[in-house]
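Structure record follows, encoded as structure tokens.
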Amino acid sequence: MLVLLGVGRGDTHDDAAYLARKIAGLRVFADAEGKMNLALPDIGGEVLAVSQFTLYGDTRKGNRPSFIEAARPEEGRRLYQHFCDLLAQQGLHVETGVFQAHMEVHLVNDGPVTLWLDSADQQSPRRS
């Protein structure tokens, strides 16, 4: 599973823990009947976690994104590493990108599942 992790200003260890638990437990892989019932641990899955501060790019004004809501690099690095450590503590093999480096990440999207998770959702879940 490819995880693009954006760390925002004010994010905490609790936010990282919530996301690590949620990602490890997401039942997004097909079982023998083709239903999405299996999580990463069930299939022996691995995680590639890439820090992606640009997820906080605000494009509402002008044509140049503002990244003011992204965490400062030192805080982003600390929470990114904490998040990766928490995934590993759940028995998942975790590979990481290089923090603050230009990287090329190639993705073959094998299936229809792309999800957006926000740790703010743990405080106030959406209602339909």
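Bear in mind that the values in this text are calculations on the coordinates, not laboratory data. Owing to the predicted nature of the structure, the values given are computational and were not obtained by experimental measurement. Every residue, glycine among them, receives a Cβ derived from its backbone with ideal geometry; neighbour counts consider all protein chains shown.
Observations, loosely collected:
- Given (1) surrounded by 12 or more Cβ atoms within 10 Å (Cβ to Cβ); (2) part of a loop (DSSP other than H, G, I, E, B), index of the condition residue 102 fails: (1)
- Residues within the range 25-66 that are surrounded by 13 or more Cβ atoms within 10 Å (Cβ to Cβ) and in contact with a helix residue (DSSP H, G or I) (Cβ under 7 Å, 6 or more places away or on another chain), tallied: 7
- The residues of the range 1-16 that are in a helix (DSSP H, G or I), over 11 Å from residue 117 (Cβ atoms) and under 12 Å from the mean Cα position of the chain (by Cα) amount to a single one, 16.
- Summed over the range 69-96, the residues that are part of a loop (DSSP other than H, G, I, E, B) and either polar (S, T, N, Q) or touching a Ser or Thr at 6+ places or on another chain (Cβ under 6 Å) (or both) give a count of 1.
- Positions within the range 17-55 being out of contact with any strand residue (DSSP E or B) (no Cβ under 9 Å at 6 or more places or on another chain), aliphatic (A, V, I, L, M) and not in a loop (DSSP other than H, G, I, E, B), in sequence order: 17, 20
- Meets criteria (out of contact with any His (no Cβ under 6 Å at 6 or more places or on another chain), surrounded by 13 or more Cβ atoms within 10 Å (Cβ to Cβ) and either assigned to a loop (DSSP other than H, G, I, E, B) or not hydroxyl-bearing (Ser, Thr, Tyr) (or both)) for residue 111: no
- Under the condition of being in contact (Cβ under 8 Å) with a residue 40 or more places away in the chain and within 15 Å of residue 90 (Cα to Cα), the residues counted in the range 2-47 number 15.
- Residue within the range 60-68 that is aromatic (Phe, Trp, Tyr) and in a helix (DSSP H, G or I) present: no
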